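Take a look at the structure below.
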Ligand code: NAP
């Protein structure tokens, strides 16, 4: 769908400073969406905004700061007058290692970033999203369903986020809520896995992550971001409550065709 600037869709996207989020921001801007972009790294956000051919509101803040995120949602609504999609993409790996040994404070932080922050933002945005019959995309992972040793905090918090999306889909019929599992994507998060987690993981999991670059198993952040952008603006209503797999070739081709359209 093409939009004139006046009725351009508005998307609030977290974790926009790099990786999949930056890819999604570029794809959304190219399709004419106005953007409210949130992450902690102000310089990276400013640099990204400078290259985007659209109206952008920046929020250099931590998603776990409830007051600041609520204020940011209000600012976006004041500035743009509507909200069509909320994309909860910001996420962290959390503590990795044997669950019996991982640090509880780091677990709490993972729960705050990966579960409570998307919950808070979703609640702040729901009124506007009901009005626009908009979408919430919770960026999850295959690890929400597939257990991985040494990834207890990541698996558990993303599983919680995935169930939250399913519950919201039942409770909020006016809003399309779904989860996106991007697949394995060539970002800082995968680098961190190879550097810190994989060398200590039991086999075959450690080798799986370490071999991904050599085997060409990593998707680009632009490709994953494009699929995410398509979901934010185009996901069919009947997909509400589903986990959408970013590695699905058909879905990727659909997003690519949309980007060219
Ligand atoms: P990334 O390159 O590490 O980027 C993470 C983004 O989240 C950054 O923009 C970061 O910005 C932001 N962020 C992290 N903590 C934040 C906080 N407390 N407050 C505000 N922003 C915060 O990761 P990615 O690979 O693009 O991951 C994006 C999403 O995809 C995550 O939810 C991840 O779990 C999911 N995912 C990734 C993969 C993969 O293979 N890469 C696979 C499955 C799922 P600042 O540091 O500037 O705050």
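Any read-out appearing in this document is the output of simple, stated calculations on the displayed coordinates, not a laboratory observation. This one's a predicted model, so the numbers in the text were calculated from it and none came from an experiment. Cβ atoms come from the backbone with ideal geometry, glycine included; neighbour counts cover every protein chain shown.
Taking 2.2 N^0.38 Å as the expected size of a compact globular protein, what ratio does the Cα radius of gyration of the chain give against it, to two decimals?
Working: Rg = 17.5 Å, N = 261, 2.2 N^0.38 = 18.2 Å.
The chain yields a ratio of 0.96.
Nearest 500 deg cm²/dmol is fine: what mean residue ellipticity at 222 nm does the chain get from its DSSP H runs of n ≥ 4 alone, each adding -39,500 (n - 2.57), divided by its residue count? Numbers along the way, then the final one.
Numbers: 10 runs with 119 residues, N = 261.
Theoretical 222 nm ellipticity from helices: -14000 deg cm²/dmol.
At each listed q (0.14, 0.15, 0.23 Å⁻¹), what is the log10 of I(q)/I(0) that the Debye formula gives for segment 1-77 modelled as equal alpha-carbon point scatterers?
Relative scattering, expressed as log10 I(q)/I(0), comes to -0.40, -0.46, -1.02.
Taking R0 as 35 Å, what's the FRET efficiency between residue 215 and residue 105 from their Cβ-Cβ distance, rounded to 0.05?
Details: r = 36 Å, r/R0 = 1.02.
Here the calculated transfer efficiency is 0.45.
As an exercise, use a Förster radius of 22 Å and the Cβ-Cβ distance of residue 256 and residue 75 to find the FRET efficiency, rounded to the nearest 0.05. Walk me through the numbers before you get to the answer.
Working: r = 33 Å, r/R0 = 1.50.
My answer for the efficiency is 0.10.
Tell me the label-point distance for the pair residue 123, residue 67, using the 7 Å Cα-to-Cβ offset, in nm and rounded to one decimal.
1.7 nm
What is the fewest-to-most order of 151, 180, 80, 208 by other Cβ atoms lying within 10 Å of their Cβ? It would help to have the intermediate numbers written out before the result.
On the way: 151 24, 180 28, 80 20, 208 15.
Fewest to most other Cβ atoms nearby, the residues stand as 208, 80, 151, 180.
Sketch the reach of a paramagnetic label on residue 249 as a point 7 Å from Cα along Cα-to-Cβ, and name the residues of segment 220-238 whose backbone nitrogen lies under 19 Å away.
220, 223-224, 227
Over the Cα atoms of segment 80-202, each weighted equally, I'd like the Debye log10 I(q)/I(0) at q = 0.17, 0.19 Å⁻¹, rounded to two decimals.
-0.84, -0.99
Please give the Cα centre distance for segment 194-213 versus segment 45-117, rounded to the nearest Å.
So the separation of the two Cα centres works out to 27 Å.
So how far, in whole Å, is the C-alpha centre of segment 7-23 from the one of segment 235-261?
Here the two parts' Cα centres lie 17 Å apart.
Where does each of 33-45, 83-95 land if you order them by average Cβ count within 10 Å, highest first?
Numbers: 33-45: 21.1, 83-95: 25.2.
So the peptides 33-45, 83-95, ranked by packing, come out 83-95, 33-45.
For residue 42, project a label point 7 Å along Cα to C-beta. Then give me every residue of segment 10-25 with its amide nitrogen under 16 Å of that point.
Within reach of a label on residue 42: 17.
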